[in-house]
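Please treat every number below as a calculation from the coordinates, not as lab data. The structure displayed is predicted, hence computed values, not measured ones. Heads up, the Cβs are rebuilt from the backbone with ideal geometry, glycines too, and the neighbour counts pull from every protein chain shown.
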Amino acid sequence: MNVPSHDQGSDLYSWTIEGLKLQHFSSSKTWSVIRERQPAHPWFQAVWFKGHTPKHAFNMWVAVQDRLPIRTRLVSWGMLIPTSCCLCSVSDETRDHLFVDCPYIKILWGLMLRKLSGSLISFTSWTQLLGWSSSDSTTSPRTLRSIAVQATIYHTWTERNNRVYRSQTLSASDLFRLVDRTIRNTISARKTRKEFKNLMVLWLI
Ligand SMILES: [Zn+2]
């Protein structure tokens, strides 16, 4: 390389990614090139949909991977605590029991599915719950399903923690009122987005 000199003109710089010269530096394109890619997980749509509420989606992401500090997991790590479900006190507290099989969550899913005109009475497995959340119908579009599922799981997990750490208890119907208000607020805050058009009408029917 020649020693830089004013006679050779001004210095130029450019960003080139995979042989393509970019007009400007793009951190997203650079990140896409240097990162290691993994195939998309089948639950991706149920967690990271457009317009998600970050704290609900994060909670869902942890739940999908079965990493929430649920009692049976804490006991498997050596903690001396009961394994019984904090909501019903009958079965062992596992992710699938808490969010699918518990009589408490079944009331919530029943109320939610009645509003979304679903034919299901309740969910029978975590996989079915995720599959329903990622699928579509004219009366309950995928975005509305995902908002409702994430809000229900988030508030149920909060209710479980309130019972354990604050000795506060809400009935399933009172918790559903909270879920309902959260869903209305979520839709209302995003009403100008294409994916959220008509969702309030569909939820309120
Ligand atoms: Zn239970």
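The angle between the Cα long axis of helix 103-115 and the longest principal axis of the Cα atoms of the chain comes to about 70 degrees, rounded to the nearest 10. Under 14 Å from the Cβ of Phe49, count the other residues' Cβ atoms, weight Lys and Arg +1, Asp and Glu -1, and hand me the total. Neighbourhood net charge equals +4. Here the translational diffusion coefficient of region 112-205 follows from Stokes-Einstein with Rh set to the Kirkwood radius across Cα pairs; for 37 °C and 0.692 mPa s it amounts to 233 µm²/s. Cα-based values for region 44-204, radius of gyration first and Dmax second, are 15.6, 50 Å. Positive contributions from Lys and Arg (+1) and negative ones from Asp and Glu (-1), summed over other residues with Cβ under 12 Å from the Cβ of Leu175, come out at +1. For Ile17, the residues whose modelled amide H falls within less than 5 Å of its own, excluding neighbours fewer than 5 places apart on the same chain, are Leu22. Between Lys55 and Tyr165, the contour length at 0.36 nm per residue exceeds the Cα-Cα span by 37.6 nm. A Cβ-based charge dipole, computed about the Cα centre of the chain with Lys and Arg at +1 and Asp and Glu at -1, lands at about 720 debye. If one computes the Cα centroid of region 36-115 and of region 164-205, what distance in Å separates the two points? Region 36-115 and region 164-205 have Cα centres spaced 18 Å from each other. Neighbour counts of C-beta atoms inside 10 Å place Met1, Met112, Met60, Met200 in the sequence Met1, Met200, Met112, Met60, starting with the fewest.
Within a straight-line Cα-Cα reach of under 24 Å, Lys106 can be paired with the following lysines, leaving aside sequence neighbours fewer than 8 residues apart in one chain: Lys55, Lys115. Near Trp126, within a Cβ-to-Cβ distance under 11 Å, what is the net charge of the other residues, with Lys and Arg +1 and Asp and Glu -1? My count for the surroundings of Trp126 gives -2. Potential lengthening of the chain between Ser27 and Asp7 amounts to 3.8 nm, from the contour at 0.36 nm per residue minus the alpha-carbon distance. The long axis of helix 54-64 is offset from the longest Cα principal axis of the chain by roughly 70 degrees.
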